[in-house]
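These notes are about the structure you will find just below.
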Amino acid sequence: MILQGKKGIIFGVANRMSLAWFIAQAAREHGAELVFGVANERFREKVAPLAAEVGAGTPLICDVASDESIQTTFQMISHRMPKVDFVVHAIAFAYREDLQGRFIDTTRVGFHTAQDISAYSLAAIAREAEKLMSDGGSIITLSYIGAERAVSNYNVMGVAKAALESSVRYLAEDLGGQGIRVNALSAGPIKTLSSSAVRGLKGKLDKQAAVSPLRRTITGDDVGKAAAFLLSDLASGITGHTLYVDSGYHVSASVGE
Ligand code: NAD
């Protein structure tokens, strides 16, 4: 029960395959009280039964493309939770056509959209969360090895993840004085709604299983457990870090494509 008595907000549950859902289940199992933020009304309806399973109440709509939506969401959160201990940012978006072929062909609007939703939103959320983290806390986001290697088809999302991991370091510096830690968890590939938009996912899963030191793909449970650790006081000395939860794939000599 490493999160006993902690209150947290989880952004990014879309369905039972979402990494955010595995994190929510692990956080709940470890005693946390949760609120969910979802992109729109359609997701609110789909996610409401999942929220109920972990006692998270009605999900709040938060479209991270809008500062107003983020501010309104945090106002509503402050009524449910005057003090927040952790935030999970498990949000990403790029146009499907930008997740195949050559990165060089990315349009200006495609690049901007991926950066806005997948990277800038972390800073925008952290800015509002800071106001409720009066006793310090932990913020985590989800990244992928495409932030640092040119992974085929990941393209514009890899560039957004590089900005996201850099944002983690700057936010850690900004918020460290208040005892707020900011970290990224770099997960190996798992089939979800978002990852299915990247062409060639099956090849990436097969390669992970073949060449990673653990010789297996990772599970949502692997991600949930590592996230619970980063969110908890067990990680009290860790900030600005990217923690790999990828069966060790990033140290394999075969990394790349
Ligand atoms: P997912 O599709 O279940 O989750 C993505 C979430 O982003 C969805 O809930 C979606 O509603 C939300 N979102 C998109 N646009 C939004 C907006 N404008 N406002 C609010 N929410 C918005 O997929 P996932 O794979 O669980 O992705 C979660 C995170 O994990 C992402 O950052 C993703 O890049 C990262 N990640 C995934 C993998 C993988 O292989 N699945 C690997 C490493 C990192």
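The values are calculated or read from the model by the stated rules, or taken from the named source; none is laboratory data. Please read all numbers here as calculations on a predicted model, not as lab measurements. Note that each Cβ is placed from the backbone with ideal geometry, even for glycine, and that neighbours are counted across all protein chains shown. Ligands, DNA and RNA are stripped out before the accessible areas are found, and what is left, the full protein with its side chains, is counted by its heavy atoms. Shrake-Rupley method; radii C 1.70, N 1.55, O 1.52, S 1.80 Å.
Students often get this wrong: which residues of the stretch 127-154 have the backbone nitrogen under 16 Å from the point 7 angstrom along Cα-to-C-beta of SER236?
135-138
Which whole-number value in Å² is the accessible area per residue of the chain, probe 1.4 Å?
On the way: 11460 Å² over 257 residues.
Normalised by residue count, the accessible surface of the chain is 45 Å².
Just subtract the alpha-carbon distance of VAL211 and TYR95 from 0.36 nm times their residue separation and send over the number in nm, one decimal. Kindly include the intermediate steps, with their values, before the conclusion.
Values: separation 116, 0.36 × 116 = 41.76 nm, distance 2.96 nm.
Computed gain between VAL211 and TYR95 is 38.8 nm.
Going down the table (LYS7/LYS204; LYS7/LYS202; LYS6/LYS202; LYS161/LYS202; LYS46/LYS204), which pairs top 26 Å between alpha carbons?
LYS7/LYS204; LYS7/LYS202; LYS6/LYS202; LYS46/LYS204
Only sites in a loop by DSSP and with at most 10 other Cβ atoms within 10 Å count here; which trypsin sites (Lys or Arg not before Pro) in the stretch 62-166 make the cut?
ARG102
Based on the alpha-carbon gyration tensor of the stretch 124-173, what equivalent-ellipsoid semi-axes (square roots of 5 times the eigenvalues) come out, in whole Å, largest first?
27, 9, 8
Would you mind checking which residues have amide H under 5 Å from VAL87's amide H? H placed 1.01 Å from N; only 5 or more apart, or other chain.
ILE9, SER138, ILE139, ILE140
Using a Förster distance of 30 angstrom, determine the FRET efficiency expected from the C-beta separation of THR219 and GLU173, and round it to 0.05. Please report the intermediate quantities before stating the final value.
Values: r = 33 Å, r/R0 = 1.09.
In this case the efficiency is close to 0.35.
So, in nm, how far is label ASN15 from label THR72 when the simple model puts each one 7 Å beyond its Cα toward the Cβ?
Simple spin-label model gives 2.7 nm for this pair.
Placing +1 at every Lys and Arg Cβ and -1 at every Asp and Glu Cβ, with all other atoms neutral, what dipole size does the stretch 1-153 have around its Cα centre, in debye to the nearest 20?
220
In the chain, what % of DSSP beta bridges are antiparallel (nearest 5)? List each step's numbers first, then the result.
On the way: 0 of 27 bridges.
About 0 percent, rounded to the nearest 5.
Treat each spin label as a single point 7 Å out from the Cα along the C-beta direction, and report the THR107 to ARG127 distance in nm.
2.7
So if each residue of separation counts as 0.36 nm, and I subtract the Cα-Cα distance between SER254 and ALA52, what length gain in nm does that give?
Extra length available between SER254 and ALA52 comes to 68.5 nm.
With +1 assigned to the C-beta of every Lys and Arg and -1 to the C-beta of every Asp and Glu, and no other charges, what is the dipole magnitude of the stretch 163-233 about the Cα centre in debye, to the nearest 20? Kindly include the intermediate steps, with their values, before the conclusion.
Details: 10 positive and 7 negative charges, 108 e Å.
In total the dipole reaches around 520 debye.
Which whole-Hz couplings ³J(HN,Hα) result when phi for each residue of the stretch 245-254 is put into the Karplus expression 6.51 cos²θ - 1.76 cosθ + 1.60, θ = phi - 60°, listed in order with x for Gly and Pro?
10, 9, 6, x, 3, 5, 9, 5, 5, 8
Around ALA184, under 12 Å between beta carbons, what's the net of Lys plus Arg minus Asp minus Glu among the other residues?
Net local charge, ALA184 excluded: +1.
Among GLY5, MET76, PHE103, whose Cα projects farthest towards the positive end of the dipole of the chain, with charges put on the beta-carbon of Lys, Arg (+1) and Asp, Glu (-1)?
Final value for the positive-end residue is PHE103.
Per residue of the stretch 77-88, in order, report the coupling 6.51 cos²θ - 1.76 cosθ + 1.60 (Karplus, θ = phi - 60°) as ³J(HN,Hα) in whole Hz, putting x for Gly and Pro.
4, 4, 6, 7, 9, x, 10, 10, 9, 8, 9, 10
Using the alpha carbon gyration tensor of the chain, what are the three equivalent-ellipsoid semi-axes (square root of 5 times each eigenvalue), largest first, in whole Å?
Three semi-axes, in Å: 27, 20, 18.
Please list, ordered by chain and number, the residues whose modelled amide H lies under 5 Å from the amide H of LEU185; skip anything fewer than 5 residues away on the same chain.
The list, which skips near neighbours in sequence, is THR141, LEU142, SER143, LEU243.
Out of VAL245, GLY179, VAL64, whose Cα points farthest toward the positive end of the dipole of the chain (charges: +1 Lys, Arg; -1 Asp, Glu; placed on Cβ)?
Final value for the positive-end residue is VAL245.
With all protein chains present, how much of the accessible area of the stretch 7-248 (probe radius 1.4 Å) comes from carbon and sulfur, to the nearest whole percent? Before the final figure, lay out each step's value.
Details: 5680 of 10540 Å².
Summing carbon and sulfur atoms, their accessible area is 54 percent of the total for the stretch 7-248.
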